[in-house]
2 protein chains.
Amino acid sequence: MTVSITDVARAAGVSASTVSRALRGRPGVSDEVRAQITAVATQLGYTASRSASSLASGRTFTIGVVVPYVGRWFFGTVLDAAEHVFSAAGYDVLLYNLGSPETRKRFFTRLPLRKRVDAVLSLLIPDEEESAALRSLGVPLASTVGGARPGFSVVGIDDRAGAEHAVRHLVNLGHRRIGMISGSSGEQHWTTPVARRQAYLDVLSDAGIAHDPALEADGDYTVEGGERAMTELLAATRPPTAVFAQSDEMAMGALRALRRHRLRVPDDVSVVGFDDHELSDVLGLTTVAQPVAGQGAEAARLLLRQLDEPDGERAGHVQMPIRLVLRETTAPPSPRGPQ
Amino acid sequence: MTVSITDVARAAGVSASTVSRALRGRPGVSDEVRAQITAVATQLGYTASRSASSLASGRTFTIGVVVPYVGRWFFGTVLDAAEHVFSAAGYDVLLYNLGSPETRKRFFTRLPLRKRVDAVLSLLIPDEEESAALRSLGVPLASTVGGARPGFSVVGIDDRAGAEHAVRHLVNLGHRRIGMISGSSGEQHWTTPVARRQAYLDVLSDAGIAHDPALEADGDYTVEGGERAMTELLAATRPPTAVFAQSDEMAMGALRALRRHRLRVPDDVSVVGFDDHELSDVLGLTTVAQPVAGQGAEAARLLLRQLDEPDGERAGHVQMPIRLVLRETTAPPSPRGPQ
DNA sequence: CGCTGTTGCGCAAGCGTTTGCGTTCAGTTT
DNA sequence: AAACTGAACGCAAACGCTTGCGCAACAGCG
């Protein structure tokens, strides 16, 4: 039925061990024999059984990638880039999409990737317990999206600096009433929203602007959430003349809410986002750009490096650059204020 | 080091075969013994090695999913939904991201998923040769995105009807000069762009409108391509008063081009897209909605069904519903025309 | 010309499961 | 009471690779 290594061995007139060594570039095979074997193998359409070879060798040549939502632009883009790096290095990727709390819980208790992967890339921030579970796999770990944990290589950005850029930009334009649409504060161990908020507070304080809690709203990192949050902010006694959204998706929701309220952007209200979503350019959204695909690729490379040098087990930590991208949703405040 | 089936067997005072049968719910084990074994197994944190069990049984309990670009909204969403169905059924998914022609070629010649998967879901349209390669795997096959091929279950939509809705809507509004931004016509075997274009031609002809080749441009299914295409159309001697873009992403590019040309939408030019991208709502884009996640889930279910009934090998064919979603980018043509 | 190194290859023992078949034994049937 | 059931379980042979070790053959050295 399906051609095995002994078929190749027989056809080439050698032993199975020699075929194995020849095909994987191991030493101990003369050049002529190796050439002959590869010829026979390709002619027979032979591919080594991954199950068998990983059972025998202990290496699986596959990487587990866990993601909260593959469908979301950010994660899809990171995954895309990481997958390219992995597959170029001969690794397959096993994808786990852990959107709902139940799947997530089930995943971490049953740990389906035990003995199935050589490394794990996590695009979600594991809590203390989850990261312990991952560490118990005994393989190199990496995660994007900040949230350093012991045993993990992490690649991320300086959230604080990014948010500072965004808010300072608004301050520099002359805004004094600056709102913020924050990410979900649901997960405590997830530092990004906290860091960005702190930057917001710091910049305001530096500029001598009193912090008004009525100018903060939670947008849950989604378009709809951003729309809701913006609507809330507009309902404040003295609505903001500018808002900083902690993600572009929320900023887009904000734009939508503003349009529904017949407010002009940036004439009435300025908006600045965070991420540089692929469609932010289309919308003309001013935002803090971070290298999303770059982070995925870098994290993948970090893992591969750890796989190559099993002794130098040191988990890396890479900080990627950010920059403020000026587009068309920010401008000085209108002299007559919003409305 | 890591706990194996014999460890469990020893701890439970039974043989490995009994452990295997007990844990997988096979008959031939008394209830008490089974309970005892499961208790011991969970207490020891035992998970069966996938490599070993698939080597022995031939079943891998993993599904291969091949995708052109995980990063793109459409594919990411389909994948997301499919993954949920698979993982709920106890299957893992092995992801192959085949963006570039080289990776794609390498994938199909080396076929890394030979003996690695129980089924394959393809989100790209394989050409004759590629689909033959997939068939040679001897496992159930399914694909979304139309393009029926022998041996494949396919779930898709009525592209023709969808495009007809879109174009007829523009005709009904009173437009006579209707442009089209089409998808890449690069791949011949890929029927979607052809079907949508045919619908466009038919509706025009039904309405007694002469077809003007200058009103067609290729947008390559990307935002940038859509922008370029719209720019081309606007450079025509008599530019269109409305355009039908074969995807929302291209429509968004078109919106961008229009804004750059200081043209108002829908006052000067109407735009209708196709897909109902998650951000189309934000942009107020009128479009033909198709159930994207639904298609992924349905395709996954089709595959699982084939895996369950290996005798009833019949490949299914599912057509999902579409509908025109009216938003804010379409209106009757302005009396004074564009410009 | 014996001796030690290399080099190239085959042998066989795993790797951790699954599964067909054989055995045991309690419970039925004559 | 002997013979006959099944049910419950163990034995051992796969599954298709990898890899440590052994063994030739042959080179280079004194």
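The values are calculated or read from the model by the stated rules, or taken from the named source; none is laboratory data. These numbers were taken from a predicted model, which means no experiment stands behind them. No Cβ is skipped: glycine too gets one built from the backbone with ideal geometry, and neighbour counts run over all protein chains shown. Accessible surface areas use protein heavy atoms only, side chains included; no ligands, DNA or RNA. Shrake-Rupley method; radii C 1.70, N 1.55, O 1.52, S 1.80 Å.
What helices (runs of 4 or more DSSP H), lying completely within the range A:212-285, carry at least 3 residues that are within 13 Å of chain B (Cβ to nearest Cβ), open to solvent by 10 Å² or more (accessible area, probe 1.4 Å) and not acidic (Asp, Glu)?
Fully inside the range A:212-285 and qualifying: A:248-260.
Collect the residues in the range A:64-82 that are under 20 Å from B:VAL117 (Cβ atoms) and in a helix (DSSP H, G or I), keeping them in residue-number order.
The answer is A:LEU79, and nothing else.
Is it true that B:SER131 is closer than 30 Å to B:THR109 by Cβ, touching a strand residue (DSSP E or B) at 6+ places or on another chain (Cβ under 9 Å), in contact (Cβ under 8 Å) with a residue 60 or more places away in the chain and in the same structural domain as B:GLY99 (by TED's automatic domain parsing)?
no
Regarding B:VAL145, is this residue within 16 Å of DNA strand D (Cβ to nearest atom), part of a loop (DSSP other than H, G, I, E, B) and β-branched (Val, Ile, Thr)?
no
If you go through the range A:8-27 one residue at a time, how many are open to solvent by 50 Å² or more (accessible area, probe 1.4 Å) and either more than 8 Å from DNA strand D (Cβ to nearest atom) or not basic (Lys, Arg) (or both)?
Selection size over the range A:8-27: 8.
Would you point out the residue of the range A:1-12, among those that are part of a helix (DSSP H, G or I) and out of contact with any helix residue (DSSP H, G or I) (no Cβ under 6 Å at 6 or more places or on another chain), that is nearest to DNA strand C (Cβ to nearest atom)?
Among residues in the range A:1-12 that are part of a helix (DSSP H, G or I) and out of contact with any helix residue (DSSP H, G or I) (no Cβ under 6 Å at 6 or more places or on another chain), the one nearest to DNA strand C (Cβ to nearest atom) is A:ARG10.
Take the residues in the range B:72-91 that are open to solvent by 20 Å² or more (accessible area, probe 1.4 Å) and in contact with a Gly (Cβ under 9 Å, 6 or more places away or on another chain), then tell me which one is farthest from DNA strand D (Cβ to nearest atom).
By that ranking, first place goes to B:TRP73.
Within the range A:40-63, track down each residue that is assigned to a helix (DSSP H, G or I) and either more than 36 Å from the chain's Cα centre (by Cα) or away from DNA strand D (no atom under 11 Å from the Cβ) (or both).
A:VAL40, A:ALA41, A:THR42, A:GLN43, A:LEU44 - these are the residues of the range A:40-63 that are assigned to a helix (DSSP H, G or I) and either more than 36 Å from the chain's Cα centre (by Cα) or away from DNA strand D (no atom under 11 Å from the Cβ) (or both).
For every residue, the table says whether it meets (1) within 23 Å of A:GLU278 (Cα to Cα); (2) at pLDDT 95 or above; (3) charged (D, E, K, R).
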| site | (1), (2), (3) |
| --- | --- |
| B:MET230 | yes, yes, no |
| B:PRO240 | no, yes, no |
| B:ALA251 | yes, yes, no |
| B:LEU279 | yes, no, no |
| B:GLN295 | no, yes, no |
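Please count how many residues of the range A:73-131 are hydrophobic (A, V, I, L, M, F, W, C), away from every other protein chain (no Cβ under 12 Å) and more than 14 Å from the chain's Cα centre (by Cα).
Within the range A:73-131, residues that are hydrophobic (A, V, I, L, M, F, W, C), away from every other protein chain (no Cβ under 12 Å) and more than 14 Å from the chain's Cα centre (by Cα) number 3.
Inside the range A:142-171, can you point out the residues that are open to solvent by 50 Å² or more (accessible area, probe 1.4 Å) and in contact with a Gly (Cβ under 9 Å, 6 or more places away or on another chain)?
A:ALA148
Consider the range A:45-72. How many of its residues are of a type in the set (Phe, Trp, Tyr) and within 7 Å of chain B (Cβ to nearest Cβ)?
The number of residues fulfilling the criteria is 1.
What is the number of the single condition among (1) within 14 Å of chain B (Cβ to nearest Cβ); (2) modelled with pLDDT of 95 or more that A:ALA289 does not meet?
All conditions are met except number (1).
Scan the range A:28-63 for residues that are within 18 Å of B:VAL93 (Cβ to Cβ), more than 9 Å from DNA strand C (Cβ to nearest atom), open to solvent by less than 40 Å² (accessible area, probe 1.4 Å) and touching a Ser or Thr at 6+ places or on another chain (Cβ under 9 Å) and jot them down.
A:THR60, A:THR62
Condition first: aliphatic (A, V, I, L, M), more than 14 Å from every other protein chain (Cβ to nearest Cβ), more than 7 Å from DNA strand C (Cβ to nearest atom) and within 25 Å of B:GLY138 (Cβ to Cβ). Now tell me which residues in the range A:13-27 satisfy that.
Answer for the range A:13-27, where residues must be aliphatic (A, V, I, L, M), more than 14 Å from every other protein chain (Cβ to nearest Cβ), more than 7 Å from DNA strand C (Cβ to nearest atom) and within 25 Å of B:GLY138 (Cβ to Cβ): just A:VAL19.
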